[in-house]
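The values are calculated or read from the model by the stated rules, or taken from the named source; none is laboratory data. Everything quoted here is computed from the prediction, not taken from an experiment. Reconstructed Cβ throughout: ideal geometry from the backbone, glycine too, with neighbour counts over all protein chains shown. The protein model used for the area step is the full one, side chains on, heavy atoms only, and it has no ligands, DNA or RNA in it. Shrake-Rupley method; radii C 1.70, N 1.55, O 1.52, S 1.80 Å.
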Amino acid sequence: MTKEHADFWFDPRCPFAWITSRWILEVEQVRDIDVRWHVMSLAYLNREKDVSEDYRRGLEKSWGPVRVVAAAEQKYGPEALLPLYTALGTRIHVGKQEVSRSLVEAALEDADLAVELADAMEDESWDEAIIASHHEGMDAVGDDVGTPTIHFNGTAFFGPVITKAPRGEEAGQLWDACVTLAAYPEFFELKRTRTGDLDFS
């Protein structure tokens, strides 16, 4: 049986990507899949969109963690992405901590990566690599989407957007459904208004 693949694009500050990422880690326990992690930027995605000033200021704060993730990938390879993403996301989404250098340094320590990588937070030279990775993931899925963006066996979709990560076989069933839809070339969208609060448990 051919192993299935998921290419997952994330910005560490996106709560929707965080919950979906925890789901796909659960899928790895019940399905034979290969997950590859990639960085994207919410700030870059929304650079020309009409958003509130408060949201815009929040987006500017997202550059720091994204740059550190890019620097870690260059220094250690793609295998560094998931541990660092998990360490960052646990603090940002579960711990509700404000993004700061101290948060990033603690996440780097948890991921057994060089704390000095936190210097990348203010280093715009990383933006070119981030933007290239961003386009690799987002161009394939089209305009007016965000994260999570996943390429299911090479077919790109925004989503699934979920408010709580399913566990065990339920996680596997959701994966099976996504793969089935992705395999149908004429399928594009299935959507409803989100009503539930986000559950990071």
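Quick notes on this one:
- Residue of 124, 189, 26 that the Gaussian network model of the chain assigns the largest fluctuation, springs spanning Cα pairs under 10 Å: 189
- Shown is the FRET efficiency for residue 177 and residue 197, computed with R0 = 25 Å from the Cβ-Cβ distance and rounded to the nearest 0.05: 0.60.
- Inter-centroid distance (Cα atoms) of region 149-182 relative to region 75-113, Å: 24
- Region 1-158: relative contact order in percent, alpha carbon pairs under 8 Å with at least 6 residues between: 33
- Shown in residue order for region 20-29 are the 3J(HN,Hα) couplings computed by the Karplus curve 6.51 cos²θ - 1.76 cosθ + 1.60 at θ = phi - 60°: 5, 5, 5, 5, 5, 5, 5, 4, 4, 7 Hz (x for Gly and Pro).
- Whole-number accessible area per residue in Å² for the chain, which is evaluated in the context of all protein chains at 1.4 Å: 53
- Using the Cβ of residue 146 as centre and a radius below 12 Å, the other residues enclosed give a net charge of -1, where K and R count +1 and D and E count -1.
- Using θ = phi - 60° in the Karplus curve 6.51 cos²θ - 1.76 cosθ + 1.60, the 3J(HN,Hα) couplings for region 3-19 round to 5, 8, 10, 10, 9, 10, 9, 9, 10, x, 8, 7, x, 5, 4, 4, 5 Hz; x is entered for Gly and Pro.
- Of the solvent-accessible surface of the chain, computed with a 1.4 Å probe over protein heavy atoms with every protein chain present, carbon and sulfur atoms account for 48 percent.
- Label-to-label distance, nm, for residues given as residue 145 and residue 47 (7 Å Cα→Cβ offset): 2.0
- Among 39, 69, 115: highest mean-square fluctuation, GNM of the chain, C-alpha pairs under 10 Å: 115
- Projecting the Cα atoms of 82, 165, 9 onto the charge dipole of the chain, computed from C-beta unit charges around the Cα centre, puts 165 farthest toward the positive end.
- Cβ crowding within 10 Å averaged over residues, with 103-110, 135-142 ranked highest first: 103-110, 135-142
- All lysines inside 20 Å of residue 164 as judged from Cα atoms, apart from same-chain residues fewer than 8 positions distant: 96, 191
- Cα-projected label distance for residue 28 with residue 187, points at 7 Å along beta-carbon direction, nm: 2.4
- The slack between residue 101 and residue 131, meaning 0.36 nm per residue of separation minus the straight C-alpha distance, is 8.6 nm.
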